[in-house]
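Written out below as structure tokens is the structure these notes cover.
The values are calculated or read from the model by the stated rules, or taken from the named source; none is laboratory data. The structure displayed is predicted, hence computed values, not measured ones. For neighbour counting, all protein chains shown are included, and Cβ atoms are generated from backbone atoms with ideal geometry for every residue, glycine included.
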Amino acid sequence: MAVDHDKPNPDQLDGAPHPRQSTILFGHEAADIGFQQAMHAGKLHHAWLIQGKEGIGKATLAYRFAQMVLAREDQTNSEIVPGRKLDFSTTGAQLICSDAHPNLLVLRRSWNSKTKKFRTRIVVDDVRELQRFLGNTSGMGKWRVVIIDRADDLNMNAANALLKMLEEPPAFCLFLLVSAEQGKLPTTIISRCQKLRLQSLDASTLRACTSHVADQSQITLPHGDQLSIIFELANGSVRAALEFASGRTLDDYNEIKHILDLLPGIDPQAISALADRLSTRTAEQDYHNFLHLLSTQVSNRIRQIVLAGGGNKHELAQWTQLWETITSRKTEIDLLNLDRGNFILDLFANIEKTAHLNGGLQVATAKQG
């Protein structure tokens, strides 16, 4: 289905190729083989829910499945090979790569031409486009494929409209739902899907995939210890590794370490400067990366306290509760587009308060020695 290529793609990492342009899959062999076996046996379930954390290849796998169905219908007896490099020389594959295949619809958050931003949710009007798509005659071959990236973004009305289609799917129609947060999906939708739960990439696969994507993009990876820190922080996510490599991750990592080392004290001027920097329009990615790094370091220190036999259950519960509150508040800030500077100030005020009441994270810091 043709699209307006002047519009950006939601959630695409700047400088990196889009998942539909990937010819090779890194990891997820079991999911890949399972889908191929079902397709070759003629027992392809009409809806697949591809789940897993951000940046591990869910969308890449969805487009891979779409190409298998749309661009290779005449190869149903081909050998099943995990991670097979896809052939992008066919007309169908090239149309998928350019987001112009008439039998492929990608349902995602739509672009608001007035605000010049993507909407925060997939709304029912977007699903009506899907209804029109399914009502049309297939343009190439008998199969039609719908990728919903991400299904977590469906609002209630859109989810209910989609459910009706999943309950009574058209013949030769494949739904591929990409999801990073299963808890946001209605159980009625989940129950009608074949589930593929993808695991985070292991260390060697993460390195290989990140290097491969960086070679095909405008992203330069650091070397040596700096690259090792980035891979450790990425926690199995290629997207996270690439974001960290292209931002100021290492500087932020050291800044957070300094802040946490001072607990239960805190430097108000440094926090104020930090809030000002992260609240600017140009700091979108740095803001999200900073909070990820902060969460990682706090979690690691709490874990070190437990492993060292320090702290007590009440203290650890207070830190855990604080972080659950912060995570919930961040989601609210992002959805409602509220002031991020005030959020950063409140966040560190709560961290300082919790540190004074529970001895800070100095036990963890001492044990790091």
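The residue list 201, 177 contains one member that is touching a Cys at 6+ places or on another chain (Cβ under 7 Å) and within 20 Å of residue 68 (Cβ to Cβ), which is 177.
Could you grab me the full set of residues in region 17-38 that are under 14 Å from residue 86 (Cα atoms) and not hydrophobic (A, V, I, L, M, F, W, C)? Within region 17-38, 19, 20, 21, 22, 23, 32, 36 qualify. Residues that are polar (S, T, N, Q), surrounded by fewer than 13 Cβ atoms within 10 Å (Cβ to Cβ) and on the phi < 0 side of the Ramachandran plot do not occur anywhere in region 153-172. Checked against (1) outside any helix (DSSP H, G or I); (2) within 24 Å of residue 230 (Cβ to Cβ); (3) of a type in the set (A, V, I, L, M), residue 270 passes all but a single condition, namely (1). Residue under question is residue 67, and the condition is that it be among the polar types (S, T, N, Q), surrounded by fewer than 15 Cβ atoms within 10 Å (Cβ to Cβ) and at pLDDT 90 or above; does it hold? Answer is no for this residue.
For region 46-64, the candidate set comprises residues that are in a loop (DSSP other than H, G, I, E, B) and surrounded by 22 or more Cβ atoms within 10 Å (Cβ to Cβ); within that set, the residue that is modelled with the lowest pLDDT is 55. Of all residues in region 212-241, those that are at positive phi have Cβ atoms under 9 Å from Cβ atoms of residues that are at pLDDT below 90 and surrounded by 15 or more Cβ atoms within 10 Å (Cβ to Cβ), 6 or more apart or on another chain, in 235/296.
Of all residues in region 136-154, those being hydrophobic (A, V, I, L, M, F, W, C) and free of Cβ contacts under 8 Å to residues at least 60 places away in the same chain number 3.
Put simply, of 331, 365, 354 the only residue that is over 22 Å from the mean Cα position of the chain (by Cα), hydroxyl-bearing (Ser, Thr, Tyr), farther than 20 Å from residue 244 by Cβ and modelled with pLDDT of 80 or more is 354.
Scanning region 246-267 for residues being assigned to a helix (DSSP H, G or I) and either under 27 Å from the mean Cα position of the chain (by Cα) or among the hydrophobic types (A, V, I, L, M, F, W, C) (or both) gives a total of 13. Quick check, is residue 289 crowded, with 20+ Cβ neighbours inside 10 Å, assigned by TED's automatic domain parsing to the domain that holds residue 357 and assigned to a helix (DSSP H, G or I)? Against the criterion (crowded, with 20+ Cβ neighbours inside 10 Å, assigned by TED's automatic domain parsing to the domain that holds residue 357 and assigned to a helix (DSSP H, G or I)), residue 289 qualifies. Considering each residue of region 228-245 in turn, at least one proves to be under 19 Å from residue 31 (Cα atoms) and among the aliphatic types (A, V, I, L, M). Checking the stated criteria, residue 67 turns out not to satisfy the condition of being out of contact with any His (no Cβ under 7 Å at 6 or more places or on another chain), assigned to a helix (DSSP H, G or I) and farther than 26 Å from residue 242 by Cα.
Residue count for region 273-286 under the criterion of being in contact (Cβ under 8 Å) with a residue 40 or more places away in the chain and surrounded by fewer than 14 Cβ atoms within 10 Å (Cβ to Cβ): the result is 1. Taking the criterion of being touching a residue at least 24 places away in the same chain (Cβ under 8 Å), surrounded by 22 or more Cβ atoms within 10 Å (Cβ to Cβ) and touching a Cys at 6+ places or on another chain (Cβ under 9 Å), would at least one residue in region 87-105 satisfy it? Scanning region 87-105, I find no residue that is touching a residue at least 24 places away in the same chain (Cβ under 8 Å), surrounded by 22 or more Cβ atoms within 10 Å (Cβ to Cβ) and touching a Cys at 6+ places or on another chain (Cβ under 9 Å), so the answer is no. Would you mind stating whether residue 336 is surrounded by fewer than 17 Cβ atoms within 10 Å (Cβ to Cβ), closer than 29 Å to residue 153 by Cβ and modelled with pLDDT of 80 or more? So residue 336 passes the test. A single member of 81, 106 is within 13 Å of residue 150 (Cα to Cα) and either hydrophobic (A, V, I, L, M, F, W, C) or at pLDDT 90 or above (or both), and it is 106. Among the residues of region 173-196, the ones that are assigned to a helix (DSSP H, G or I) and buried (at least 19 other Cβ atoms within 10 Å of the Cβ) come to 1 in all.
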